[in-house]
1. What's the number of the only condition in (1) open to solvent by 10 Å² or more (accessible area, probe 1.4 Å); (2) at the interface with another protein chain (Cβ under 10 Å from one of its Cβ atoms); (3) polar (S, T, N, Q) that D:Ser230 fails to meet?
2. Against the definition (among the aliphatic types (A, V, I, L, M) and either within 14 Å of chain C (Cβ to nearest Cβ) or buried (at least 24 other Cβ atoms within 10 Å of the Cβ) (or both)), how does D:Leu175 come out, yes or no?
3. On the basis of being more than 12 Å from the chain's Cα centre (by Cα), modelled with pLDDT under 95 and within 23 Å of C:Trp7 (Cβ to Cβ), does C:Glu208 make the cut?
4. Condition check: in contact with a Lys or Arg (Cβ under 8 Å, 6 or more places away or on another chain) and within 24 Å of A:Gly234 (Cβ to Cβ). Does A:Leu105 satisfy that?
5. How many residues are farther than 13 Å from C:Arg204 by Cα, acidic (Asp, Glu) and assigned to a strand (DSSP E or B) if we restrict to region C:126-156?
6. When you scan region A:119-173, how many residues do you find that are of a type in the set (Phe, Trp, Tyr) and either more than 20 Å from D:Val141 (Cβ to Cβ) or without any contact (Cβ under 8 Å) to a residue 40 or more places away in the chain (or both)?
7. Criterion first (away from chain C (no Cβ under 14 Å) and of a type in the set (D, E, K, R)) does D:Arg159 satisfy it?
8. I want to confirm something. Restricting to region C:125-162 and keeping residues that are small (Gly, Ala, Ser) and over 23 Å from C:His38 (Cβ atoms), which single residue is surrounded by the most Cβ atoms within 10 Å (Cβ to Cβ)?
Protein chains: 4
Amino acid sequence: MTRVTIWNEFRHEREDEDAAAVYPDGIHETIADGLRNHDGGDGTGRDDATYEIRTATLDEPQHGLTDAVLEETDVLLWWGHEAHDEVSDAVAERVQERVLEGMGLVVLHSGHYSKPFKRLMGTTCSLQYREDGATERLWVVDPGHPIADGLEEYLELPRTEMYGEPFDVPEPDRLVFNSWFEGGEVFRSGCCYRRGNGRIFYFRPGHETYPIYENETVQRVLRNAVDWASPTEGAPRTFGERE
Amino acid sequence: MTRVTIWNEFRHEREDEDAAAVYPDGIHETIADGLRNHDGGDGTGRDDATYEIRTATLDEPQHGLTDAVLEETDVLLWWGHEAHDEVSDAVAERVQERVLEGMGLVVLHSGHYSKPFKRLMGTTCSLQYREDGATERLWVVDPGHPIADGLEEYLELPRTEMYGEPFDVPEPDRLVFNSWFEGGEVFRSGCCYRRGNGRIFYFRPGHETYPIYENETVQRVLRNAVDWASPTEGAPRTFGERE
Amino acid sequence: MTRVTIWNEFRHEREDEDAAAVYPDGIHETIADGLRNHDGGDGTGRDDATYEIRTATLDEPQHGLTDAVLEETDVLLWWGHEAHDEVSDAVAERVQERVLEGMGLVVLHSGHYSKPFKRLMGTTCSLQYREDGATERLWVVDPGHPIADGLEEYLELPRTEMYGEPFDVPEPDRLVFNSWFEGGEVFRSGCCYRRGNGRIFYFRPGHETYPIYENETVQRVLRNAVDWASPTEGAPRTFGERE
Amino acid sequence: MTRVTIWNEFRHEREDEDAAAVYPDGIHETIADGLRNHDGGDGTGRDDATYEIRTATLDEPQHGLTDAVLEETDVLLWWGHEAHDEVSDAVAERVQERVLEGMGLVVLHSGHYSKPFKRLMGTTCSLQYREDGATERLWVVDPGHPIADGLEEYLELPRTEMYGEPFDVPEPDRLVFNSWFEGGEVFRSGCCYRRGNGRIFYFRPGHETYPIYENETVQRVLRNAVDWASPTEGAPRTFGERE
């Protein structure tokens, strides 16, 4: 049983017709459906009891991320875009601390500019972009990685926003996906990091007006990423003065 | 069920009284006992069915590592010391190929100079050493790593051989243990690598005349390492001409 | 010509007799002397024109780190200990930004807890410590690294403070030094990172009441580190919307 | 003064009309011309005395790579394609040993399958390819790296062979270039490694029938790579029994 919290800014879907049309209940609910769409019986061993899912959104008190919620979260997914600045520093710091203690973090698409991700990376997390609805092909460059389990040699998204290099993040511990864009760009689109005891996965796909999270392969990647990011028991993390 | 093959040179124990006294049935059998000593009921979920164990030794035909055996091996453990050169290049290459296809490899102690490890690292794998039976303390430097599951902040071996830096290996993907030696040296004693689809863990402790593999914490590390090194499903590994 | 700014908190030396006795003009001046002690004629090509040195301290306006000063700094060295919290967030952010643009940063000893270093690492940067004045031996684990130029196989400090693992930093890109401590601990004491366009080197030795920065080998390491951390020309760092 | 040896298989250019038309004196001579085309006066400080260049080819005794030649080489460039198997194991091993001692190695294009590179990487170094003469765009993903000095945000080659992922090499220490191909593929096309004391750079561009090495930006990359790969003084590399 992995306790998953899906965090969504949840503004576009309430303010913008196009976003509401694609994600009527919010991006978080579509992501949750994807985790529940667990390909039972395919040998992965996932079933209805694999994930205990809750959601949280920006406009809830403390953005839905109280100490208690984070304490009970094994893996946090994060989608945000237009209101990164409205996330309080206190909550961003709390998320960062929980990751360092071992909570997994899966950062999606425009979440590259979220406060928790920027705090954990230490860099600007800047990139280039173009909203042109062209094709992206995510090549699996690390076919032995568990996040690539069950995938083909690439995953194609027919219409998406382009993200291009340079992507100002630390060199990933492992690069799982490397994206080709129709318009001539490339992007390191699946990046694994360890920080403190926590595992972090940045996954590029996802946009408020393209139905990316309904794609079954994207859903499989998210399930794989949640499993990969789940904390293990580990050893004591003891700091301070020593006798 | 993880299919484990424990490979041992198995010469010291047949030729040398001191080694025979510590490991009368061979180092491989003591390592096998350690895997079977699975702390059932401690929450790790390991039980008698977790590992399917076989052993192989240098003096068997093809050193016991036929294509069939390797094909049925998820994780290979390797202990060798005085007869590295007697391992045939064909078998060393076969082991290397299987690792690149996804088989896990756990290399123990003097196995740093084994043909498969040197082929996979690409370096001399040289180090400094002193056989003085002094104390080693392996500090956990990556307390969130699954290979450290269930350990204390360090693991102490009261009498062992010293290995010192520089250790001529590629920078590890993750360093799990960092050793302190009573005589004044340090050593990166638990090193994780990915090569191709395979996971490789080098673990320093182990010696033919010190009963290192009877230490219960060492046994726990080996179980953790076997679990960590087990292959996952992954994605296709397709090479060659593309249409 | 490398433009170096040495930043020092400069409080211990004005408030504490023991610190004043060791560093009467402040730690920054001793570090500056070490850079000037350039072993001219030893083949390294360093001479009096190699470094243009300035210093800056906490109690100056903007801690001496105005935009103009940082703009004219190729490499910044940082020593702080008891007043990390008094460094303004604005200056810490400015330092971080300049590193990402390419300025080198050499973080010394207790600077592991400084705001700029913690912001750049994204982790707690915590560790264990003991102020016992015992021996540290820094082993060179990467003998081909330019920061190790001209060193022996290890560098010994007869009396120092102990820092022990776990050290909660991201896995270093390269580990240059690995420390042994008389009291039984180890520490990754020379860690290289790249963040954005900037090079960062964390170097453990240094303490307000031990004359560490008068040690000629330590001085050599600092010169090597400054040279290594100096920015290169690079390529454009273009972000944002793309046509 | 950096002592550079350019190794070329030198078969295509003598056997194949198309290759002879592009590289009448052999690929090695065009590469040598590129090093000599040093943009003097552009602020890089390179001039006619920067590189001492020699060449060596497969059909010379010992392939032109005697102990003496390698001993006097700071950086070796390697181009090979159709006759990798004719390189003797002894010479391949000698090259590997020299790299571990500190000699730089720049591996070009189809050299990914050369014996020295495969020995140093430990992997198959396999990839996908298609000889379709379509466009490649090499994006600079690490704009602060010295190998990117003086480049624009990308380097475009209008007609080249495609190399696609997965590229079965260890995760690079630093990825400098990431390639986009017109036909829909991506490739990690500029990969930095350290092995032993040596620096290794794999650079994808180059083909026997496209005039890649006449491209001035490619030439600049090669000069940058040679400078980056040059050995530094370092510290002793002492192995074996320790008192």
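1. So the condition that D:Ser230 fails would be (2).
2. Answer is yes for this residue.
3. Yes: the conditions hold for C:Glu208.
4. When the stated conditions are applied, A:Leu105 passes them.
5. 2
6. Within region A:119-173, residues that are of a type in the set (Phe, Trp, Tyr) and either more than 20 Å from D:Val141 (Cβ to Cβ) or without any contact (Cβ under 8 Å) to a residue 40 or more places away in the chain (or both) number 2.
7. Yes.
8. The extreme case among them is C:Ser126.
The values are calculated or read from the model by the stated rules, or taken from the named source; none is laboratory data. This is a predicted model, so every value here is computed, not measured. So basically every Cβ, Gly included, is an ideal-geometry build from the backbone, and we count neighbours across all protein chains shown. The area values use the complete protein model at the heavy-atom level, side chains included, leaving out ligands, DNA and RNA. Shrake-Rupley method; radii C 1.70, N 1.55, O 1.52, S 1.80 Å.
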